[in-house]
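Taking it in order: structure first as structure tokens, then the write-up.
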Amino acid sequence: VFSIQEKDATCRARNGILHLPHGDVSTPVFMPVGTNGPVKTFMPYELKEMDVEIMLSNAYHLYLRPGMEVIEKAGGLHRFAGWDRNILTDSGGFQLFSLSKLNTVLHDGIEFNSHIDGSRHYLTPAAVVDIQRTIGSDIMMVLDHCTAAGSSHKDSVTALETTTRWARESMDHFSRTCDPAIQKIFGIVQGNMYHDLRKRSAEEICEIGFPGIAIGGLSVGESREIFAEILEETTRHLPEEKPRYLMGVGTPRDIFTGVESGIDMFDCVFPTRVARNASVLTLDGRINLRNEQFRFSDEPLDPNCDCHVCSQFSRSYIRHLFKAKEITACRMTSYHNIWFMQKLLENIRTAIGENRLPHYKTDFLKRYNASTGRI
Ligand SMILES: [Zn+2]
């Protein structure tokens, strides 16, 4: 499923290829998020013209709406959403803990109220595999037990044990009901911000034999130092030859930290979410078009960018569209921001191939952070 092509001799970064049913994916990769199907504001052909090879969708959301009957009738999500490249689905573990009201973790699964209509549901690890089989996910994720930042060691142990038990049940059910040539299932390492628990969770999850391993429960409000430290500690206990996916992480700085620790896959709503708020990623940092200084700016969103939006439109014009509440404004900034991420990852892969990722990181962040309004 995964082959490592080259390694950066100066850090732990590697370039690889994920061999998946809907095409090869060059890693490190950033996966745009299409929670309900589409990456917000995009048509599938627009993602393809910027070489997006895999997108992320969400099993929890699709299960609640439109529901599995609709997806099944449509023949799976690829066909339903008009996307013939790869789809990774998150199991919904994170959403179950962050979105749903009144969730109760039981030994065998989780009971929760829908955040949409309040209806009561019960999901087991096996049911979550069934949902993702119906969706037709190229990569499905196990149901895991997330903990909030700042959870006690004791609570984190309980969640870790549940995560491991559920991961085994997911793998058992997957082996019985899914074709591993068509779909893959990844395990998720938890353990909050505790070194001993990260090590234990990594060992327990890796033992189950998943073809890829994800790291969950990071970038949930912890400091930059703790984030880098826990990431380093966790990846140290993961097998070299399997793809590693850092869930929910996707700012440029965090991607660099991840890649340097040997992470291969990322996803985040960040570039599209901030885009809809007029926030634009540029090599000179993040800018907000609502700012008065761009009222007469004849420059493109990013003078260094060669995307369709930057080659045709000015900051002044797109600022005007935001002011006038034209939805095209969100389309333009979203398009540029995903393009920006695609180029960033492409440059990262090139730098890895030339053994100069740490240099590229320093140069990039120096310039990116030099301006105001950064993240
Ligand atoms: Zn652009």
Checklist entry - Is it the case that Leu102 is outside any loop (DSSP other than H, G, I, E, B), touching a Ser or Thr at 6+ places or on another chain (Cβ under 7 Å) and either modelled with pLDDT under 95 or surrounded by 22 or more Cβ atoms within 10 Å (Cβ to Cβ) (or both)? => result no
Item to check | Candidates Asn288, Asn369, Asn337 - the one that is out of contact with any Asp or Glu (no Cβ under 8 Å at 6 or more places or on another chain) and within 11 Å of the ligand (Cβ to nearest atom) | outcome: Asn337
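Residue under question is His173, and the condition is that it be part of a loop (DSSP other than H, G, I, E, B) and either more than 20 Å from Ile54 (Cβ to Cβ) or in contact with a Pro (Cβ under 6 Å, 6 or more places away or on another chain) (or both); does it hold? I'd like the intermediate steps shown before the answer.
Values: part of a loop (DSSP other than H, G, I, E, B): no; either more than 20 Å from Ile54 (Cβ to Cβ) or in contact with a Pro (Cβ under 6 Å, 6 or more places away or on another chain) (or both): yes.
No; evaluated as a whole, the condition is false for this residue.
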Item to check | Filtered residues of the range 211-223 (kept if at pLDDT below 95, surrounded by fewer than 24 Cβ atoms within 10 Å (Cβ to Cβ) and either in a helix (DSSP H, G or I) or not hydrophobic (A, V, I, L, M, F, W, C) (or both)) | outcome: Ser219, Gly221, Glu222, Ser223
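From the list Ile263, Ile205, pick out the single residue that is in contact (Cβ under 8 Å) with a residue 60 or more places away in the chain and buried (at least 23 other Cβ atoms within 10 Å of the Cβ). Lay out the reasoning, then the answer.
On the way: Ile205 fails: in contact (Cβ under 8 Å) with a residue 60 or more places away in the chain.
From the options Ile263, Ile205, the qualifying one is Ile263.
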Checklist entry - Of the residues in the range 238-286, how many are in a helix (DSSP H, G or I) and not small (Gly, Ala, Ser)? => result 13
Checklist entry - So which helices (runs of 4 or more DSSP H) stay within the range 287-375 end to end and still have 2 or more residues that are small (Gly, Ala, Ser), surrounded by 15 or more Cβ atoms within 10 Å (Cβ to Cβ) and on the phi < 0 side of the Ramachandran plot? => result 327-353
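The values are calculated or read from the model by the stated rules, or taken from the named source; none is laboratory data. Computed from a predicted structure; not experimentally measured. Because the Cβ atoms are built from the backbone with ideal geometry, glycine has one as well, and the counts that use them run over all protein chains shown.
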